[in-house]
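Scroll down for the structure; my scribbles are underneath it.
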2 protein chains.
Amino acid sequence: MNGYSYDKAMRRKNFNPTLYLVTDRRLAGNLSLTELVEKALAGGVTVVQLREKECPSREFYELAIKVKKIIPPEIPLIINDRMDIALAAQADGLHLGQTDLPVEIARKYLGSEAIIGLSVENKEQLLAALDLPVDYLAISPLFSTPTKTFTIPAWGLEGLAAARKLTNLPLVAIGGINESNAAEVIRAGADGIAVVSAICAASDPQEAARRLRFIIEEARR
Amino acid sequence: MNGYSYDKAMRRKNFNPTLYLVTDRRLAGNLSLTELVEKALAGGVTVVQLREKECPSREFYELAIKVKKIIPPEIPLIINDRMDIALAAQADGLHLGQTDLPVEIARKYLGSEAIIGLSVENKEQLLAALDLPVDYLAISPLFSTPTKTFTIPAWGLEGLAAARKLTNLPLVAIGGINESNAAEVIRAGADGIAVVSAICAASDPQEAARRLRFIIEEARR
């Protein structure tokens, strides 16, 4: 783990944000979600977040249980948005956006051991987040991306570097990151990169993850 | 309360299913959801269920908090589907459908005091529900209705009467119920009727609730 040092809380929580997979089943082609996750893990993904925005609750829950069974204990399973699914599936954590439940509420019900992350879309949200019981922040979107709507201005590398100066919390950059720009994202101050399509839509998700992981480790030297 | 006797658990839980409002903001016209609920309560609604299928979590939570503030303590606030919102807003209960979280999971996290209801769409589901920690069942859909998709066969009055013979759990009928058929629904064995459009889409929701409540009380004599 060249160049990255966990803080104590994160070591206890087993959170290594290096290569953070956010799932999107619709991009996975012929693979099932569990197959996709297995390949991504074999390639070196360090966190798995399940994001299912239009899925009945029961299906989301069953999916989380399935994925939990196939991922090793050192890899945290994070649920996007849905605290009920995180509780029901006894996931390791919850990722919240600005239109999701308040962080304090999630912390109250999930407990101090849960990994809780928050997406921040600008400097004001980042500064506000510093008073919240979060374990990491997602700098979102770092670049413009077709995965999310284009209504939110991107942080860009300069924005990320400025964010880095404001907090010691782990920062995960998300949005438009791929092999061509991952190294500069790490050098600009991200502790990890989160990707959706760079792995989920890759023809070989394992190889895509392996290459991204390699690029990150090289950039940390 | 002619004709309806609570069981002990329900008296403790303050659950009177007589006239059960399921909200749909999109039908409420010029009224805000809280205005709609206030009018429905003034007209005699005995339960309020918030159903928001396409609402960001934060907005659903804030809506639940708002509604909770305006409803009197003897009226339970039930959240549809989302256990996280029920927890976060400290609602009185949760209503689950067949594609929502399992009842046992909801009971585990919401506790024994919470009112947990389950929609059953056929006799098999009803019989399976008798082994679950539920407080009431929704017979759904009783009649065909434009609110839900038409893919599920309706119970009809005979189906409701047959369901009545299978359980002593409170039965709330939902789907296509209005002033013209509410009396026969009660006489067929429902402990209460649940309505969406009959109140939410009424030009005068208070008067619509008042009339439905009157019809139910008369039918119980």
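Structure above, values below:
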item: Using distinct alpha-carbon pairs, which all enter the 1/r mean, Kirkwood radius of the protein assembly as shown in Å; result: 23.5 Å
item: Mean projected area in nm² (Cα convex hull; one quarter of hull surface) for segment A:17-58; result: 3.3 nm²
item: Diffusion coefficient, µm² s⁻¹, Stokes-Einstein with Kirkwood Rh over alpha-carbon pairs of segment A:6-219 at 10 °C and 1.306 mPa s; result: 94 µm²/s
item: Sequence-separation-based contact order of chain B, relative, with Cα cut under 8 Å and 6+ spacing, percent; result: 24 percent
item: Percent accessible area from carbon and sulfur atoms, the protein assembly as shown, protein chains only, probe 1.4 Å; result: 49 percent
item: Heavy-atom accessible area, 1.4 Å probe, ligands and nucleic acids excluded: residues of segment B:36-70 down by at least 50 Å² from chain alone; result: B:57, B:58
item: Other-copy label distances relative to residue A:153, 7 angstrom Cα-Cβ extension, nm; result: 6.0
item: Net +/- balance of residues flanking residue A:123 in space, Cβ distance below 13 Å, scoring K and R +1, D and E -1; result: -1
item: Protein heavy-atom accessible area occluded, B/A pair - total, 1.4 Å probe, Å²; result: 1700 Å²
item: Å² per residue, accessible surface of the protein assembly as shown at 1.4 Å; result: 44 Å²
item: Placed amide H near residue A:94: partners under 5 Å, 5+ positions off or other chain; result: A:79, A:115, A:116, A:117
item: Potential lengthening between residue A:112 and residue A:167 on full extension [0.36 nm per residue; Cα-Cα distance subtracted]; result: 17.8 nm
item: Other protein chain Cβ atoms within 10 Å, averaged over every residue that makes up A:75-84; result: 3
item: List of segment B:96-132 residues, accessible area with partners at least 10 Å² below that of the chain alone (1.4 Å probe); result: B:98, B:99, B:100, B:101, B:102, B:105, B:108, B:109
item: Tail weight of P(r) past 20 Å, computed on alpha-carbon pairs of segment A:49-156, percent; result: 43 percent
item: Relative contact order %, segment B:29-136, counting alpha carbon pairs below 8 Å whose residues are six or more apart; result: 19 percent
item: Dipole magnitude (debye, nearest 20) for segment A:6-219, charges at Cβ of Lys, Arg, Asp, Glu; result: 220 debye
item: Nearest residue to the symmetry axis between B and A, taken on chain B by its Cβ, in whole Å; result: B:84, 2
item: Charge tally in the Cβ shell below 9 Å around residue A:97, where Lys, Arg are +1 and Asp, Glu are -1, residue A:97 excluded; result: -2
item: Alpha-carbon centroid distance for the pair segment A:25-81 / segment B:42-57, whole angstrom; result: 32 Å
item: Label geometry 7 Å along the beta-carbon vector: residue A:130 inter-copy distances in nm; result: 6.2
item: Teacher prompt: residue B:165 distances to equivalent labels in other copies, 7 Å Cα→Cβ, nm; result: 7.9
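The values are calculated or read from the model by the stated rules, or taken from the named source; none is laboratory data. Here the structure is a predicted model, which is why all the values come from computation and not from measurement. Neighbour counts run over all protein chains shown; Cβ positions are idealised from the backbone, glycine included. Ligands, DNA and RNA are excluded from the accessible area calculation, which covers all protein heavy atoms including side chains. Shrake-Rupley method; radii C 1.70, N 1.55, O 1.52, S 1.80 Å.
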